[in-house]
Structures are given as structure tokens and as C-alpha cells.
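To start, the structure under review is shown below, and the notes come after it.
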Amino acid sequence: MIKTVDLTKVFRTEEVETTALNQVSFEIKEGEFVAIMGPSGCGKSTLLNIMGLLDNPSGGAYYFLDQEVSNYSEKQRANLRKRNIGFVFQNFNLIDELSVFENVELPLIYLGYSAAERKQRVEEVLEQMQIMHRRNHFPLQLSGGQQQRVAVSRAVVAKPHIILADEPTGNLDSTHGDEVMNLLETLNKNGTTIIMVTHSQRDASYSQRIIRLFDGQIVTEDKTTEFVLTAAAQ
Amino acid sequence: MIRHFIVTSFKHFKKNLSFSLINLFGLATAMAVCLMILLYVYRELSFDRFHADAENICRIAINVDIQGDILYEPFSSAPMGPDLLEAFPEVTNVVRLSGRQEANVWQNDRFTTFNKSHYADSTFFDIFSFELLRGNPSRALAEPYSLVITESTAQMLFPDQDPMGQLVRLDDDRRMYTITGIAADCPPNSHLQFDLLRSFTTLVEHRHQYMNTWDGGISYYTYLVISGETDMDALYEKTEALAYEKVNYQFEGMGIKMSLEFFPITSIRLRSPFSSEMEEANTYWKVWLFSLVALFVLFIAGFNYVNLCIAKSGKRAREIGMRKVLGAHKPALRRQFYLETLFITGLSFLAALLLVEFFMPLFNNMLNTNLHLFSLPWWVFLAAMILFVGFFGLLASLYPAWYMASFQPVRILKGEFWSKPGRFQPRNLLLLTQFIISMALIVCTLVVYLQVNYFQFKDRGFRQENIMAVRAFTQEDAELFRQSMATYPWVERQSIATSFPGGTSYMEGIIPEDADPGFMSHRIWVDHQYANTLELKLKEGRFFERDDGLEETNALVNETLVKRSGWTEPLGKTIDRAGTTYTVIGVLDDYFFQSLHYDVEPLLVNVLGNRPSYMSHPFWILIAYEGVERADVLLTVQKEWNDLFPGNTLSHVFIPELLELQYVTEVSFGKLFLAFTLLAIIIAMLGVLGLSSFAAQQRQKETGIRKVLGASTFGILYRSSAEFLKWVALASIMALPLAYWYMERWLAGFAYSIGFPFWTLAVAMTSMIIIAIMVVASQSLKAARTNPAEVLKTE
């Protein structure tokens, strides 16, 4: 489903050149739940942005659904992205002016669904995420956990192949955090590929595989059980 | 999707209510200003275009070259029009009108005065599209002593009777006039206004001797209909030959030549160079200047909108980023911003309509007009709506849409969305333009205001306070009235004359000694108290000492006449006029007997006693009073008048009021210009407010760090103000020369102007600096006072 070969990303300013990703190669298969971990500044978010087609790499190849997309234009990336990828962010990134329903509806608008279809899909997802009773509320009227549930609803409403989650529990307490992780786990069990960037070992334990980055390079790729065991041994 | 955008627009409006209201206020005010100016400009441009044949109607103007002195007047002699009609097939119709006169309509023993009366040919209603409600358009003015009156005149004279066929006496005419037609009241956008029209054939009976010569009695307005396909150059050539045949052959070798010009009727309102129009004309520059202000105000409001949108874009960055993440393309986002702008411009337009309705009476009052929103034809209104709401909305949304749609989601999600410092920012260009427009407007307003002020308060060389003029029919009546007023102790001095400063004077051709073939001069007849009453100053010689035959061949002249005659010692020189020779006994200092719009022209003053009997001038009793209220003067004058001439309407004028009236257009124009400029500056400063709040937001972190490191509030204020002052300085370099260039040209259009006051440039710059500092400081102060810990925490 996703494959990178020698993926490189260099940020340049007038004076400084920073290599955020240095020849990163890996593959993620359909239906996997993968966590990406590493210290701050190791390139996790850069990798997630490239995988999410929000950014292009500086070098190497990126295969998304078997298409080489590293040189795609912004428009091509947007088209591919809106049909196949759902995003969940640490700070939820809900639009304050729109209600819960309208926030979740947004991806369907850009996909050109009719109003009736949108209503049906949104209501289905809100029911599924148990947030239907809050459909007319605005984000600022909800708790953090509820906001993230709305964000997850928005991420899944268009039935994407992949969900990219960037520190999805970073702004939540442990109870709400577990709630969100359980949601992601359920989605994964239903067939959605999930790639998650996290600092949290607890969250990482929900995944099947962990890719660890350091200084823009992959240092290890572990099965979660091995990682958990190693961590316990340390 | 459109529904979604509309809902989003509404939600944004509600969410950022204060910001939205500032935007709405700015745009609505600008649109209201533009709508009002549009109404005014449309009215001015529509003058005389309601005639079906407007494009083909011209008025004859004569251009007489007397040895290099040019006399250019909109008048013609009586036979010119009919001669042209007979000689040239291109001329298809002609109508002659006498100059505007006063007419007194007698009913029983009472009379009613009407100010706008003309003698007109029977072709009047064929050529002009004034509506004749009753009567036969081709015959109503055919017979001598026929009278056409307007609906309003009919209402006044015959409130309960059918006016058609009624007989009335006018002025001192012996025969009665028959009312042969009722015309609709004249549209306000006509340079030709009338209360009543007498048939021209009546005048032919009265002034038989002046009806056949080209070089005498040049006092009529003649309008021609010239066929649309006419080669005007060829027509002018043929006219020159005709003029030679009719008049110029007599002057061969004398350096005198008369030529005719055909002045389009549609140009009379705005392009007339003549001081002797029937109604006060307007000028093109005024219409242009207003249009320019409208355009500037609209631009400023647009820039303002753009700046405020960008200033607030930080708040929307996350939304835009998320929309992009969720698959919105740039065109979809741009469409969204356009619709949002359309929502605001649409609301603003509605608010502007309310503002126009509310301020229209004030606007009308200032411009002495009677405009209302529905004065505009529906298509102009629709075009304005499309322009303001749609096109203006598109323009105003272009840059914010481009700017915001280009946010990169990756950077926004990282919390970075401000442009990097040092890069050229188009919004700075907008800021610069706003400063340029505001500063140029400040200079223009000051200059217009000073010039208007100069008009109002310039010493005109005669008594301007506490003096009134009362009109009498005959010299005997005038004398009677003067005597009755002389009994009041507060009457300082009185005089009887055929005119007074600000009133009408007549022009006649005179031949001063050593200045053959002479030139045109204003001429008035006065009694020996005139100079004393009006406090005119004598340069040399003496004024008339008596009113009888001994002074009859004496004359006073003004300095301009002396200069035009080339005299160095004017006393004792002679002036020939119509077979009589007058001797100059005194020279008056030039005084402004016309308005300051025109140069002082030559003036010949004779004693009342030798006034030609055919002249139908009114007689004015000038009363100089002191130590009494104007209202009391009027009461007494009214009482005396009623005692002496019961049943006759008193016609009077307070000269200071009349003089004010001469400049009322300039004064209202000045006030209106000032009001619009102030609005433009307020709107511009809202833009500066937006940008400075934007800059303050952008620098929140920098400000926080500087404070932590020990910067004072003043230091932070100084830094943020310096950034804006740089733009003020740059704007000055561009705006001030521009304003100087334009206003210098504007002032050159006045016979008497203040000269460009250079200090206005300094005032404009200083006031702009002060306003900008105040606006910027209000925003920066907030940032400078914020606890740095809070700013750095959120960062």
C-alpha cells in the first residue's frame, strides 16, 4: 500500500540546509497498524506529511497505492489525498465556526457528494462514534475527547484506505486517550490501515509494528511485542 | 457547495462581529459616497439630453475679434438664425429666445412676478422636447401676444379656473396676452428654465428696428437644429462667407471680424465658457473631481477590506489548512473567499442604500439639488449594483483569496503561516497607495477650502454689509420710495440705479477716444449718491454731483476701462456710444461688480437722467442702513411699499445674501469635498488599523522576547511606528507633487485665486504622520502591554 525507497527530505534556508529524512526505505501493507516513534526533531512529522501527500520529498521514491507520487503536483496530491487518506491531529484541527455535523461533512463536500448522501454518511459515522447527540454543537462546546472523536469521525467519513494520526492522544487525558486509541484499533480491525506518529509507548502498544526514527533515519523496525518486551527489559 | 459557502460566510460574519462590522461600515460608507456622487454626476451629464434631437441642437455663439480683443458671447442678433436656415439646407430648424427676464403678470390691480420669462419662436416645442400639456405645439407661440405658461405658473395664477384662453396683462404692455398653451414644468436637468414664454412675434412688434441687422441687438439665444450628417467644417466655411456678406464687409481693413460658432446644447451645462448663461452653469472639473473622490473612496475601502482580511487571516489559517488537507483545491478556496466577499459587499450595498436615503436631504441641501435614489434609471442602478457588489467584490477578494489559498497546510499545521520577513509584501503596496490617496486628498481639500474661503471673504471694493436693494418699475416710483425711506434715522444713505454689484448689468459696444474701433463694456446708470452709498473708491477725478442735465454727457469709468483704452491721463477723455459723446470726469477703483469667477471687465457709468428711453431696465433703490436688524429693515420696507404701492409685490434683495449666493456652489462644494475626504481618510485609517493589528500579531513573539530582555513600552511603540512612518515618508514623495500639480492647474481656472499654498503639503504630511502614529500606537500598545509570559507560552 505504501512503499518508500531512499526517501529524503532536505529543508533549505538561505544559510542552513537541514536533512529531515535521510534515505528512508520501508513498506506498509494494507490493513497494518504502524506506529512511528522517535525523539523530537527526528523527522516523524515530516515523514507523516509526505506519506499524507501534504508535502513532496526532496529525493527518493514514494509509492502510494502502487503509484509513484513523489513528483505529483499539489492538485494531483490533493485529489489522491481526499479520496484515500483521513487525518487525525494532536490538536484536533476542527473548524471552530462549523458545527460537529458540518465539520464531519466537510471532506464529503470536497468529494462532491450530494446533500442527501452527505447527511446519511455523516449521521452513520456520528452514530458509530457515539457523538450523534452533539451533532449541532460547536467544537469549543465539547470536551477534548469528544473533539477528537469528531476529528476521527471526519477522518473516516469518506471511508479512506489509510488514516494518518499525528499524536492523536497528545492533548487528552489517559481515559479519553484510551477511548480514541480503542476507536483507532476498531477501525484497523475493520480493515483500515493506520499509521500513527506518537511519543507514547502506551499508544504504540496498540500497533502491530513500530518504525523508530533517529536523525532522519530508521534505526529499527520492530514488531510491537518485541518492542514492548525490550522496553520492559530495560 | 454554494450553500455551504454561504452558511460559512454568515458564520464568519457572526463569529468576528466587530471585524465584520468595521468592514461593513467601511464598504457601506464608501458605496454610499459613491452612489451619491454617481447620482450627482449622472444628473450633470444628463443635462439637456432629454431633447429627442439633443445631439443635433446647437446654440449660436458669436466670436468678434476687435483688433485682437476677443468678444465671445452666447448671443446672436435676431436675423442670424432665420438667415442660416434660409441659406443652408444643413440647418433644418431654428428657434430664438430672448435672454431670461422678469415678468409681472397683472390680474385686476395686483401683479405676480415671475423670474423666468422668455420670448420664443413658434418652433420652440418642435425643437425642444419640453412637454406641452395643452395647446397646439406648432401654433401656441405663433401669434403676437400669445403666452404659454407652465403648470406651476398656471396653478399660481388660476388656481380655480381653466387658464387656456384667459387674457392677462404683462409688465406695462398695453395689449393683453392670450394664454395659448400650458407646458409641463421644466425638468431640472435643463439649462433652459421658464415660467412663461411669450411669442417672439410680440417682440418683433416692439423692437422693429433691431430685428434685421446682424451687428445690432446681439442679445438673443438662437438654437439651430443641424442635420446629423453635416460636415461641420464645410458649414463653418459657408457661414463665414455669409457673415462676410451680412456684416464683415463693412469692417474690412478695420481689424474687426465677426464669426459664428455652433455650441452643442449638450455641452452648455458643463463646458460653457460664458458668464452670461441663462442659469448658472457647472464645470467639468467639479464633476471630475467628485468622480475622482468617489473612485478614491472606493479604492481605499477596497484596500481597507483587503488589509483587514489579511490582518485576520491568521485566525483562519487553521481552517484553510484543514480544508486543504481535506482536499480543497485552490480554486475552491478562492471561490469560497469570493462568495464571502460577495456576502459582505452585498450587505454593504444594502446598508449603503439606507445611508443614501438618510443623508440624501443633507447632500441635496449642500448641492442645491433634488436628487433621490430613483433619479437613476434602472439600468444605471443595476450596473452600479453589479459593479459595487460583484466586480468590486471580485477585486477586493482577489488578493486575500490568492494570499490565503496559498497557505501551505504543512506549515499551518506546524503553526507557521506568516510570510517570512524581508520579502516584498503586496499589502505594503496597498498601504502605500492608501497613504498616497489620503495625503493627496488632504492637500486638495485644504486648497479647495482656502480658495472657497478667499471667495467668501475677499474685499470686493464696495460696501458689503447692511445694504439692500428694492426694485421699482419707474424712476418716479423709485424716487417716491426713496423719499419715504429717508425719514428713518437708521437709513444712512440711499441711491437709485439700474443695477448694483452682483445684479445684472448690460454690455454695450463703446468707442473710447484713441481706442477706435472700441470694445464691449458693462454699462449702468446711477444717481449722484451711488458711489457714496456703495462706498466705492475714486482713483481720480470726481463722482456725479447732481442728477440733472448738467451731468448727462459726463461719465465715470473703472480702471480696467482705462487700461483697455490705453489711456494714461483718462480725465477729460471722451467715449462715443450710439452717437453720443461722453466725457470722463472720474475713474473708479476696480470693484467686483460681477462674481469673482470672472476678471473685472470695463465699466461705464452714466447718470440716470440720460438713460435711453427704449431701455427697459428696472430701477433699484439701494438702501444702506446701520444699527438695525435685517428683519426690522424688511418689515419697514414692506410696510412703506404696501402704503405706496398697495397690491404690488415687493421685490427686494439683501446684497450680502446675493453675494453669498454667488459662491454658494463653491461653498457647498467645499463642504462636501471636506466631508467626503474625511470619510476617505477614516476608511483609510481603518485599513491602517487592520494592518497594524496584523503587524502586532505577527510580532507577538518578538515583542514578548524583547520585553523579557528589557525593552520598554516606548521602545516597542517606536519600533512598530517606525515601520509605518517609512511608508508615510515614501507616500509623501509621490502624493505631494501629484497634489501640487493637480491643484495648481485647478487654481489656474479662477480669475482670482489664492496661489498654491505650499504649507498645505507640510500640513498633509504632518497630519498623516500623527494619524498613523495614533492608529499604530493603539494596536502596538496592546501588544507592548501584554504579559510576555503569556505570549511565549502560547508560542
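Per-residue answers, yes or no, for (1) out of contact with any helix residue (DSSP H, G or I) (no Cβ under 8 Å at 6 or more places or on another chain); (2) surrounded by 22 or more Cβ atoms within 10 Å (Cβ to Cβ):
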| position | (1), (2) |
| --- | --- |
| A:41 | yes, no |
| A:52 | no, yes |
| A:56 | no, no |
| A:59 | yes, no |
| A:63 | yes, no |
| A:66 | yes, no |
| A:71 | yes, no |
| A:76 | yes, no |
| A:79 | yes, no |
Subset tally (residues that are within 30 Å of the chain's Cα centre (by Cα), in a helix (DSSP H, G or I) and touching a residue at least 12 places away in the same chain (Cβ under 8 Å)) for segment B:626-660: 6
Residue list for segment B:238-265, restricted to those being surrounded by fewer than 17 Cβ atoms within 10 Å (Cβ to Cβ) and without any contact (Cβ under 8 Å) to a residue 40 or more places away in the chain: B:240, B:241, B:244, B:245, B:249, B:250, B:252, B:253
Residue B:356 being modelled with pLDDT under 80 and either more than 14 Å from chain A (Cβ to nearest Cβ) or not in a loop (DSSP other than H, G, I, E, B) (or both): no
Contacts under 6 angstrom Cβ, first residue in segment B:398-420 being closer than 22 Å to residue B:700 by Cβ and surrounded by 14 or more Cβ atoms within 10 Å (Cβ to Cβ), partner modelled with pLDDT under 70 and not polar (S, T, N, Q), 6 or more apart: B:407/B:417; B:411/B:417
Residue that is open to solvent by less than 30 Å² (accessible area, probe 1.4 Å), away from chain A (no Cβ under 14 Å) and out of contact with any His (no Cβ under 7 Å at 6 or more places or on another chain), where the choices are B:310, B:268, B:320: B:310
Test result for residue B:451, open to solvent by less than 10 Å² (accessible area, probe 1.4 Å) and part of a helix (DSSP H, G or I): yes
Some residue of segment A:94-113 being more than 14 Å from chain B (Cβ to nearest Cβ), surrounded by fewer than 19 Cβ atoms within 10 Å (Cβ to Cβ) and without any contact (Cβ under 8 Å) to a residue 60 or more places away in the chain: no
Qualifying positions in segment B:355-364 - open to solvent by 50 Å² or more (accessible area, probe 1.4 Å) and free of Cβ contacts under 8 Å to residues at least 24 places away in the same chain: B:357, B:358, B:361, B:362
Any hit, segment B:324-345, residues being open to solvent by less than 40 Å² (accessible area, probe 1.4 Å), over 30 Å from residue A:81 (Cβ atoms), in a helix (DSSP H, G or I) and of a type outside the set (D, E, K, R): yes
Residue count, segment A:20-33 (criterion: open to solvent by 70 Å² or more (accessible area, probe 1.4 Å) and more than 19 Å from the chain's Cα centre (by Cα)): 1
Odd one out for residue B:373 among (1) more than 14 Å from chain A (Cβ to nearest Cβ); (2) crowded, with 19+ Cβ neighbours inside 10 Å: (2)
Positions within segment B:85-122 being open to solvent by less than 30 Å² (accessible area, probe 1.4 Å) and either among the acidic types (Asp, Glu) or more than 16 Å from residue B:211 (Cβ to Cβ) (or both), in sequence order: B:88, B:91, B:103, B:104, B:105, B:111, B:114, B:117, B:118, B:121
Residue in segment A:137-149 that is surrounded by fewer than 23 Cβ atoms within 10 Å (Cβ to Cβ), within 11 Å of chain B (Cβ to nearest Cβ) and touching a Gly at 6+ places or on another chain (Cβ under 8 Å) present: no
Condition check for residue B:673: hydrophobic (A, V, I, L, M, F, W, C), open to solvent by 10 Å² or more (accessible area, probe 1.4 Å) and more than 25 Å from residue B:463 (Cα to Cα): no
Subset of segment B:400-431 [modelled with pLDDT of 75 or more and either under 38 Å from the mean Cα position of the chain (by Cα) or at positive phi (or both)]: B:428, B:429, B:430, B:431
Strands (runs of 3 or more DSSP E) fully within segment B:60-172 counting 1 or more residues that are in contact (Cβ under 8 Å) with a residue 12 or more places away in the chain, of a type in the set (Val, Ile, Thr) and in contact with a strand residue (DSSP E or B) (Cβ under 7 Å, 6 or more places away or on another chain): B:91-98, B:101-107, B:110-120, B:146-150, B:167-170
Single residue of segment B:5-45 satisfying the filter (in contact with an Asp or Glu (Cβ under 8 Å, 6 or more places away or on another chain) and within 9 Å of chain A (Cβ to nearest Cβ)) that is nearest to residue B:310 (Cα to Cα): B:12
Test: residue A:118 is closer than 25 Å to residue B:333 by Cβ, within 10 Å of chain B (Cβ to nearest Cβ) and either in contact (Cβ under 8 Å) with a residue 24 or more places away in the chain or open to solvent by 40 Å² or more (accessible area, probe 1.4 Å) (or both): no
Test: residue in segment B:280-300 that is open to solvent by 20 Å² or more (accessible area, probe 1.4 Å) and within 14 Å of chain A (Cβ to nearest Cβ): no
Close pairs (7 angstrom Cβ cut-off, 6 or more residues apart or separate chains): within 11 Å of chain A (Cβ to nearest Cβ) in segment B:324-340, in a loop (DSSP other than H, G, I, E, B) and open to solvent by less than 40 Å² (accessible area, probe 1.4 Å) anywhere: B:325/A:54; B:327/A:111
Residues satisfying the stated conditions in segment A:1-33, i.e. assigned to a strand (DSSP E or B), among the charged types (D, E, K, R) and modelled with pLDDT of 90 or more: A:3, A:6, A:9, A:27
Matching residues, segment A:55-66, being closer than 17 Å to residue A:82 by Cβ, more than 14 Å from every other protein chain (Cβ to nearest Cβ) and either touching a Pro at 6+ places or on another chain (Cβ under 8 Å) or part of a loop (DSSP other than H, G, I, E, B) (or both): A:65
Qualifying residues in segment B:679-734 (those that are under 49 Å from the mean Cα position of the chain (by Cα) and basic (Lys, Arg)) - the one nearest to residue B:767 (Cα to Cα): B:726
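Table: residues versus (1) open to solvent by 50 Å² or more (accessible area, probe 1.4 Å); (2) in a strand (DSSP E or B); (3) modelled with pLDDT under 85; (4) in contact with a Lys or Arg (Cβ under 8 Å, 6 or more places away or on another chain).
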site	(1), (2), (3), (4)
B:562	no, no, no, no
B:569	yes, no, no, no
B:596	no, no, yes, yes
B:600	no, no, no, no
B:606	no, yes, no, yes
Some residue of segment A:34-54 being at the interface with chain B (Cβ under 10 Å from one of its Cβ atoms), on the phi > 0 side of the Ramachandran plot and of a type in the set (A, V, I, L, M, F, W, C): yes
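The values are calculated or read from the model by the stated rules, or taken from the named source; none is laboratory data. Computed from a predicted model, the values in this text were never measured in an experiment. Note that each Cβ is placed from the backbone with ideal geometry, even for glycine, and that neighbours are counted across all protein chains shown. All accessible areas refer to the heavy atoms of the entire protein, side chains included, with ligands and DNA or RNA removed. Shrake-Rupley method; radii C 1.70, N 1.55, O 1.52, S 1.80 Å.
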